[in-house]
Amino acid sequence: MGNIMALAQKELRAYFVSPIAYVVLGLFAVLFGVFYVASLNLMVQLSMGQFGAGGPQVVNINEFMIRPLFGNTSVVLLFMLPMLTMRSYAEEKRSGTMELLLTSPLTDLQIVMGKFLGAMALYALMLSLTLIHIGVLFWYGEPEWAPLLSGYLGLLLMGGSFISIGLAISSMTKNQIVAGVATFAVLLLFWVINWIGDASGTTTQAVLAYLSILEHFDDFSKGVIDTTHLTYYGSFITLGLFLTAKSMDSERWNG
Amino acid sequence: MVEVQHVTKRYGSLTAVDDISFRVERGEILGFLGPNGAGKTTTMRILTGYLPATEGLARVAGFDVFEQSVEAKRRTGYLPETPPLYPEMTVIEYLRFVARINGVPASDRQTQIGLAMERTNVADMADRYCGTLSKGYRQRVGLAQAILHNPEVLILDEPTAGLDPRQIIETRKLIAELAGDHTIILSTHILPEVSQTCQRVIIINRGRVVAVDTPGNLTARLQGSQTLYLQVDTQGADPISSLEGVAGVVSVTVAAQQDGVAGYHVESGSGDDVRREVSRTIVANGWGLLELRPQQMSLEDVFLHLTTEDEAAGGSEAAEDATLDGPDEDAGETATEERTDG
């Protein structure tokens with residue numbers, strides 16, 4: 001465990017000594033801010049409209065603001081998380097430090113876990129920036145806790161899936177750009193995979209919808225923690241990490 | 001301590017290492033000698049568990065490097081050809097990281113790091129970023145990294161590459177010091193290094209072991225015959241037949257030729273001192289004897305001899321390309337370089 005943490009810390013540090021962490025954190029904050037203001041405006045308009053119509057004056061913040069906001073965030077993540085993982089293996093292979101890790105008394109799985117936790121730590125830091133915005137909502141309104149927590153859990157799990165796939169792809173190539181672009185393409189594919197389901201039969205549609213990575217997030221932002229979704233993200237992350245470890249092993253055999 | 005049995009490594013159709021076997025005893029320094037591309041690095045990578053062997057078995061400190069790789073790796077310190085440094089870490093941070101992934105207990109970490117830095121002379125660079133270090137310091141931080149967890153076996157891939165002469169001497173001294181309680185395997189293509197630091201040498205070429213012996217024995221082995229180098233002004237005549245007529249001379253070959261002045265290698269059986277007869281013959285023929293000296297077989301010659309013997313053709317002509325100044329070390333080095341490029 002100690003050596004996994006050593007690796008995770010090293011990974012996290014590497015993000016901060018390169019501009020990556022600052023660019024990702026900064027731009028994420030800007031984008032999240034824009035979406036935040038947009039959803040806030042939308043909600044304000046909505047509640048004004050309802051006020052005029054004499055309906056209920058209080059619009060549910062969770063339903064009309066936080067949920068669409070989290071939905072937008074997941075799209076931002078689709079673009080940004082590949083940038084966290086693209087250098088993960090590519091850089092170590094290029095600089096020869098992979099040789100250090102692979103000749104240290106570490107198992108492949110420990111190396112993968114270290115890298116995963118390092119990237120997750122930076123991702124968690126990204127998400128923690130949004131707590132400020134959400135905190136402001138508590139100041140002026142009364143959002144519910146539960147859907148917020150489940151929403152964050154969903155974001156963490158979804159981001160974890162993105163990161164694990166990104167690591168797997170990074171471990172397969174020496175080239176950072178290839179790793180980044182391929183990760184983005186694969187994630188996008190998992191996002192839109194249910195779009196082609198509409199014209200196919202119901203079974204196909206159900207399967208494709210199940211595979212879609214964003215489909216599973218919606219319930220979390222509604223405040224529902226469904227085991228189907230937990231299983232989905234859990235298996236997705238496991239599969240990604242397993243593939244990474246396997247690809248490290250295969251790289252070893254192919255020299 | 002280290003045991004390699006019939007190890008073969010193939011990349012597709014290319015055989016990088018072909019059925020290599022050897023043993024290294026505790027406390028011994030073994031030199032791995034061979035031209036670039038001979039399979040030195042591949043063998044070392046197999047020993048460190050970085051690459052799996054296609055066939056064969058390798059054990060480090062009693063642990064199979066493939067089946068019990070974590071145990072074997074715990075007991076191995078490895079300096080790869082390019083020191084594996086993280087440019088964004090300072091030297092001390094880097095060594096702390098290496099100590100942690102090698103499982104050095106927290107209580108010992110500070111002392112172990114201090115000792116490694118002191119031994120490799122990098123303490124004054126502790127707070128510098130690895131990315132800004134000079135080649136020599138990189139190499140030494142790499143060495144510090146390898147000895148940090150006090151491993152039983154040290155595997156050093158060209159440890160003196162890129163160092164200046166003073167640092168080379170220091171590094172050799174350090175290696176000699178470490179040899180007491182560590183078993184060391186080091187590779188190099190610099191020949192004097194082997195005779196100075198190693199107790200035993202393995203010469204490998206094209207993936208095969210060509211010779212295993214002490215540096216002394218290796219040179220002695222090839223001194224079954226003696227060679228004289230002659231430089232003669234023959235005024236156009238051909239002295240070969242008359243030289244071959246001298247009792248004890250086995251063969252005469254032209255080493256260099258220029259404007260009627262020629263250099264010859266005269267080989268004679270061991271124990272026969274043919275110098276008197278040879279000089280008498282030359283003088284009797286009225287030629288000018290410009291130079292006559294016995295040729296010492298250096299480790300370089302042994303190396304060339306063994307590696308060219310292996311290749312059957314080519315290489316042996318290299319000496320003949322030498323100028324009249326004689327086939328001294330320069331010729332040897334040129335020949336080595338020619339082969340190492342391949």
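Before we move on, is A:LEU12 modelled with pLDDT of 80 or more, of a type in the set (A, V, I, L, M, F, W, C), surrounded by fewer than 20 Cβ atoms within 10 Å (Cβ to Cβ) and touching a helix residue (DSSP H, G or I) at 6+ places or on another chain (Cβ under 9 Å)? Yes; evaluated as a whole, the condition is true for this residue. Against the list (1) in a loop (DSSP other than H, G, I, E, B); (2) at pLDDT 90 or above; (3) more than 13 Å from chain A (Cβ to nearest Cβ), the condition B:ASN121 fails is (2).
The set of residues in region A:43-71 being surrounded by fewer than 17 Cβ atoms within 10 Å (Cβ to Cβ) and at pLDDT 85 or above consists of A:PRO68, A:GLY71. Look at B:LEU85 and say whether it is aliphatic (A, V, I, L, M) and more than 10 Å from every other protein chain (Cβ to nearest Cβ). It is false that B:LEU85 is aliphatic (A, V, I, L, M) and more than 10 Å from every other protein chain (Cβ to nearest Cβ).
Name the single residue that is surrounded by the most Cβ atoms within 10 Å (Cβ to Cβ) among those in region B:118-128 being touching a residue at least 40 places away in the same chain (Cβ under 8 Å) and on the phi < 0 side of the Ramachandran plot. The residue in question is B:THR120. When B:GLU81, B:GLU152, B:GLU158, B:GLU71 are checked against the criterion of being touching a Pro at 6+ places or on another chain (Cβ under 8 Å) and closer than 25 Å to B:LEU51 by Cβ, a single residue qualifies: B:GLU71. Only helices (runs of 4 or more DSSP H) whose full extent lies in region A:163-255 are considered here, and the ones with at least 3 residues that are more than 16 Å from the chain's Cα centre (by Cα) and within 14 Å of chain B (Cβ to nearest Cβ) are A:227-254.
Scan region B:217-226 and tell me whether some residue there is at pLDDT 80 or above and either in contact with a Pro (Cβ under 8 Å, 6 or more places away or on another chain) or not polar (S, T, N, Q) (or both).
Among the residues of region B:217-226, not one is at pLDDT 80 or above and either in contact with a Pro (Cβ under 8 Å, 6 or more places away or on another chain) or not polar (S, T, N, Q) (or both), which makes the answer no.
The set of residues from region A:196-236 being polar (S, T, N, Q), exposed (fewer than 15 other Cβ atoms within 10 Å of the Cβ) and in contact with a helix residue (DSSP H, G or I) (Cβ under 7 Å, 6 or more places away or on another chain) comprises just one member, A:THR204. State whether the residues of region B:135-152 include one that is β-branched (Val, Ile, Thr), crowded, with 22+ Cβ neighbours inside 10 Å and within 11 Å of chain A (Cβ to nearest Cβ). No, region B:135-152 contains no residue that is β-branched (Val, Ile, Thr), crowded, with 22+ Cβ neighbours inside 10 Å and within 11 Å of chain A (Cβ to nearest Cβ). Taking each residue of region A:1-13 that is free of Cβ contacts under 8 Å to residues at least 40 places away in the same chain and looking for partners that are part of a loop (DSSP other than H, G, I, E, B) and crowded, with 20+ Cβ neighbours inside 10 Å with beta-carbon atoms closer than 8 Å, six or more apart or interchain, yields A:ARG13/B:MET89.
Total residues in region B:165-213 satisfying the condition of being within 15 Å of the chain's Cα centre (by Cα) and of a type in the set (D, E, K, R): the figure is 6.
Among the residues of region B:83-117, what is the count of those that are without any contact (Cβ under 8 Å) to a residue 40 or more places away in the chain and either charged (D, E, K, R) or not in a helix (DSSP H, G or I) (or both)?
So the count comes out to 6.
When each of B:GLN5, B:GLN68 is tested for being surrounded by fewer than 22 Cβ atoms within 10 Å (Cβ to Cβ), more than 19 Å from the chain's Cα centre (by Cα) and closer than 21 Å to A:ILE111 by Cβ, the lone residue that passes is B:GLN68. Residue count for region A:1-45 under the criterion of being part of a loop (DSSP other than H, G, I, E, B) and more than 9 Å from chain B (Cβ to nearest Cβ): the result is 2.
Being out of contact with any Ser or Thr (no Cβ under 8 Å at 6 or more places or on another chain) and buried (at least 22 other Cβ atoms within 10 Å of the Cβ) holds for only one residue in B:LEU33, B:LEU51, B:LEU47, B:LEU79, and it is B:LEU79.
Which residues, counting only those in region A:154-206, are without any contact (Cβ under 8 Å) to a residue 60 or more places away in the chain and either small (Gly, Ala, Ser) or in contact with a Gly (Cβ under 8 Å, 6 or more places away or on another chain) (or both)? Once the filter is applied, which keeps residues that are without any contact (Cβ under 8 Å) to a residue 60 or more places away in the chain and either small (Gly, Ala, Ser) or in contact with a Gly (Cβ under 8 Å, 6 or more places away or on another chain) (or both), region A:154-206 yields A:ALA182, A:ALA185, A:GLY197, A:ALA199, A:SER200, A:GLY201, A:THR204, A:GLN205, A:ALA206.
Within region A:48-154, considering only helices (runs of 4 or more DSSP H) that don't extend past its boundaries, which have at least 3 residues that are among the hydroxyl-bearing types (Ser, Thr, Tyr)? Those helices (runs of 4 or more DSSP H) span A:67-85, A:108-140.
Would you call A:MET98 out of contact with any Lys or Arg (no Cβ under 9 Å at 6 or more places or on another chain), within 14 Å of chain B (Cβ to nearest Cβ) and farther than 18 Å from B:ILE155 by Cα? For A:MET98, the condition - out of contact with any Lys or Arg (no Cβ under 9 Å at 6 or more places or on another chain), within 14 Å of chain B (Cβ to nearest Cβ) and farther than 18 Å from B:ILE155 by Cα - is not met. Residue-level analysis places B:LEU154 among those that are in contact with a Gly (Cβ under 6 Å, 6 or more places away or on another chain), in contact (Cβ under 8 Å) with a residue 40 or more places away in the chain and under 30 Å from B:PHE63 (Cβ atoms).
The values are calculated or read from the model by the stated rules, or taken from the named source; none is laboratory data. In this text, all values refer to a predicted model and were calculated from it rather than measured experimentally. Note: ideal-geometry Cβ built from the backbone for every residue, glycine included; neighbour counts use all protein chains shown.
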